[in-house]
Structure formats: structure tokens, C-alpha cells
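The values are calculated or read from the model by the stated rules, or taken from the named source; none is laboratory data. Keep in mind it's a predicted model, so treat the numbers as computed, not measured. Don't worry about glycine lacking a Cβ; one is built from the backbone with ideal geometry, like all the others, and counts go over all protein chains shown. Note: accessible area is taken over every heavy atom of the protein model, side chains too, but ligands, DNA and RNA are not part of it. Shrake-Rupley method; radii C 1.70, N 1.55, O 1.52, S 1.80 Å.
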Amino acid sequence: MLDQRTSAFLEEFLAKPGGDPERLDRFLLHGPYRGRRGGRPRLKLAFHDFWPEFDTGTNFFIEILSSRFDLSVVEDDSDLAIVSVFGGRHRAARSRRTLFFTGENVRPPLDGFDMAVSFDRVGDPRHYRLPLYVMHAYEHMREGAVPHFCSPVLPPVPPSRAAFAERNFCAFLYKNPNGERRNRFFPALDARRRVDSVGWHLNNTGSVVKMGWLAKIRVFERYRFAFAFENASHPGYLTEKILDVFQAGAVPLYWGDPDVEREVAAGSFIDVSRFATDEEAAEHILALDGDYDAYCAYRAVAPFLGTEEFHFDAYRLADWIESRL
């Protein structure tokens with residue numbers, strides 16, 4: 001749920017066509033403060049147990065919190081330690097307050113931390129729901145990924161017949177080999193029509209796309225469909241995978257969150273779990289691939305339900321963290 005101040009701003013912003021996306025960006029980051037608060041208190045911040053590529057100096061939390069704190073990143077003895085799930089370093093570290101964060105399918109251990117941020121739908125004041133796709137949508141906007149096929153500010157852009165014909169069939173891009181459901185569906189679809197596996201896992205192209213969301217989107221732009229299977233299925237567990245396919249202007253082949261249609265519009269993607277068999281799902285995908293008008297009907301649906309659910313008022317998360325320090 002958005003802050004009422006954000007709702008009022010969006011109503012005014014979207015009522016006038018041609019609004020400046022940078023103005024929207026500034027409000028979603030700073031809110032009514034517009035970055036002009038008084039003196040910023042100091043905050044010593046530590047990051048523990050994140051993935052190996054995580055940059056402690058430049059990341060989502062640094063950007064969000066720097067709008068109101070004078071931040072310094074430390075190894076130990078912090079005012080706030082932000083802890084993820086890849087290790088146990090935090091157990092030996094000293095911190096005045098702790099925040100648990102995960103984008104993985106892990107339940108937030110609320111009794112072991114002062115606060116938690118995750119995708120789970122938890123009715124507890126110590127928990128802030130922030131699905132991973134919302135964080136990535138925010139980063140896409142901040143880092144200038146274009147075109148914004150998934151932005152609710154802009155209408156969907158179905159491809160021309162020429163653009164449809166130029167794209168290849170389907171892409172599969174994964175490094176993690178442990179997704180049993182996608183491992184099973186990939187050969188089922190590939191047996192009917194070649195699916196290009198362009199990642200490390202099940203690679204059949206002879207080259208591997210480098211990691212990173214922007215490189216992934218640039219590859220998906222060459223295809224009509226792309227796999228967006230999650231690593232696991234759990235209510236609310238909706239990651240960046242479906243967002244990246246939408247951002248590329250392709251139709252996602254999805255499996256994962258059983259409640260996905262609470263946040264993503266039916267008719268904008270293909271939910272493989274809705275079919276009785278993989279053969280039925282493959283038949284449906286192949287039929288769309290051969291029917292330009294039917295394909296465009298998918299691409300004409302704005303993917304994310306409601307403007308407010310997709311926009312992320314970052315300043316409210318900063319409010320929430322600050323109130324618990």
C-alpha cells in the first residue's frame with residue numbers, strides 16, 4: 001500500500017499526459033521532503049551475508065537511506081546491520097539494530113531481528129513487504145533502461161508485423177541448475193521448437209550471456225517469448241524474472257507464485273501452471289507464435305495491475321527504517 005501522499009502525487013501526475021519521468025523519480029525517492037530535510041544524522045551501516053557480487057558501497061539500501069542519513073559503511077560495530085541469507089557472519093558482528101533482507105524464498109525470522117524486508121505477506125509491524133520485482137523496477141527506472149515496456153506511465157507497445165517476424169522464438173537464461181520445474185519444461189518445449197539456452201545452464205548456443213539485468217534484457221529483446229520461471233513456488237514470491245521479460249518487450253513464460261495474478265495482469269503472460277500438462281502449455285505457446293494478432297493481444301495488456309502497486313515510494317521505506325532505529 002502506498003503512502004497517501006504518494007497516491008495524491010500520482011493522481012495529479014498521471015492526470016496530465018507527458019509528465020516528466022524524472023519528476024516522478026524524484027518524488028518516489030524523496031517524497032514530500034524533496035531531499036531538503038534539515039541536517040542528516042550520522043548512521044554507521046554494515047552489510048552481512050549478501051551474495052558475492054553485492055557492492056556494499058553502491059546499492060539499493062545506500063541510495064534509499066542516503067536521502068536522510070549521513071552514511072558510512074563499516075565492517076563491525078554498526079548502528080544498523082542489514083543481513084541477508086548467504087552465510088552466518090552477522091552472528092559474530094556487533095550492531096545496535098538489525099534488519100533482515102531476502103529476495104530468496106526464505107521466511108523472515110522476525111524473532112531474531114529488529115525488522116525485516118521480504119516478499120512475504122506477513123501481518124507484523126516489524127515486517128515490510130517489498131517483492132524483488134519492485135526493487136528491480138525501481139532500479140530499471142533509476143538506471144535508464146529503455147524502452148519502459150512495463151512502465152504504467154507509458155502504454156504497452158505491441159510489435160509491428162516486421163518486428164514480430166524478426167524476433168526469434170524463445171530464450172532460456174539461467175545459471176542456477178536447481179529449478180526442477182523449469183528443467184522439465186525446457187526440453188518439453190525445445191522438443192517442439194528450438195529454445196535458445198543462452199546462459200550457463202543447459203546451454204545449447206555455444207555462447208553465454210554475461211550476468212546482469214541489462215545484458216539479460218538486451219538478449220530477450222531478440223525473442224518473442226522468454227522463460228521467467230522462479231526458483232521455487234510460494235505465495236507472494238515474485239522476483240525480477242517476469243519483469244525483465246516484460247522490459248524486453250517479450251511475453252513471459254511463467255511458473256512460480258500461485259498468486260501472481262494479484263499483481264500481474266492475466267492475459268499479459270503465459271502461466272504454465274494453469275495447463276493440465278506441459279504438452280498443452282507448449283501447444284498454446286506454439287499457437288501464439290504462429291498468430292501475430294493473438295500474440296499482440298498479450299502484448300497489448302499492461303502487465304502490472306494498478307499504477308500504485310507498481311510504483312515504489314522509496315521514501316516510505318526510509319521512513320519505516322528510521323522509525324525503528
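Structural remarks
- Positions within the range 260-279 being aliphatic (A, V, I, L, M), without any contact (Cβ under 8 Å) to a residue 24 or more places away in the chain and surrounded by 18 or more Cβ atoms within 10 Å (Cβ to Cβ), in sequence order: VAL260
- Options VAL122, VAL219: the member that is aliphatic (A, V, I, L, M) and either at pLDDT 95 or above or more than 30 Å from GLU322 (Cα to Cα) (or both): VAL219
- Within the range 214-225, the only residue that satisfies the criterion of being open to solvent by 40 Å² or more (accessible area, probe 1.4 Å) and under 16 Å from the mean Cα position of the chain (by Cα) is LEU214.
- Matching entry among LEU24, LEU43, LEU29 (being modelled with pLDDT of 90 or more, under 30 Å from ALA8 (Cβ atoms) and surrounded by 18 or more Cβ atoms within 10 Å (Cβ to Cβ)): LEU43
- PHE149 meets each of the listed conditions (1) at pLDDT 90 or above; (2) open to solvent by 20 Å² or more (accessible area, probe 1.4 Å); (3) not in a strand (DSSP E or B) apart from (1).
- Being in a loop (DSSP other than H, G, I, E, B), in contact (Cβ under 8 Å) with a residue 12 or more places away in the chain and among the polar types (S, T, N, Q) holds for only one residue in THR98, THR56, and it is THR56.
- Restricting attention to the range 272-315 and to residues that are modelled with pLDDT of 95 or more and among the polar types (S, T, N, Q), the residue that is farthest from the chain's Cα centre (by Cα) turns out to be THR277.
- Just so you know, in the range 120-134 the residues that are part of a loop (DSSP other than H, G, I, E, B) and out of contact with any Asp or Glu (no Cβ under 9 Å at 6 or more places or on another chain) include one that is nearest to VAL106 (Cα to Cα), and it is ASP120.
- Exactly one residue out of ASP49, ASP111, ASP77 is at pLDDT 95 or above and surrounded by fewer than 13 Cβ atoms within 10 Å (Cβ to Cβ): that is ASP77.
- Condition met for PHE13 (closer than 20 Å to ALA137 by Cα, without any contact (Cβ under 8 Å) to a residue 60 or more places away in the chain, in contact with a helix residue (DSSP H, G or I) (Cβ under 7 Å, 6 or more places away or on another chain) and not in a loop (DSSP other than H, G, I, E, B)): yes
- In this structure, GLU279 does not qualify as farther than 19 Å from PHE225 by Cβ and either in a helix (DSSP H, G or I) or in contact with a Cys (Cβ under 6 Å, 6 or more places away or on another chain) (or both).
- Given (1) of a type outside the set (Val, Ile, Thr); (2) modelled with pLDDT of 95 or more; (3) surrounded by 15 or more Cβ atoms within 10 Å (Cβ to Cβ), number of the condition ALA318 does not satisfy: (2)
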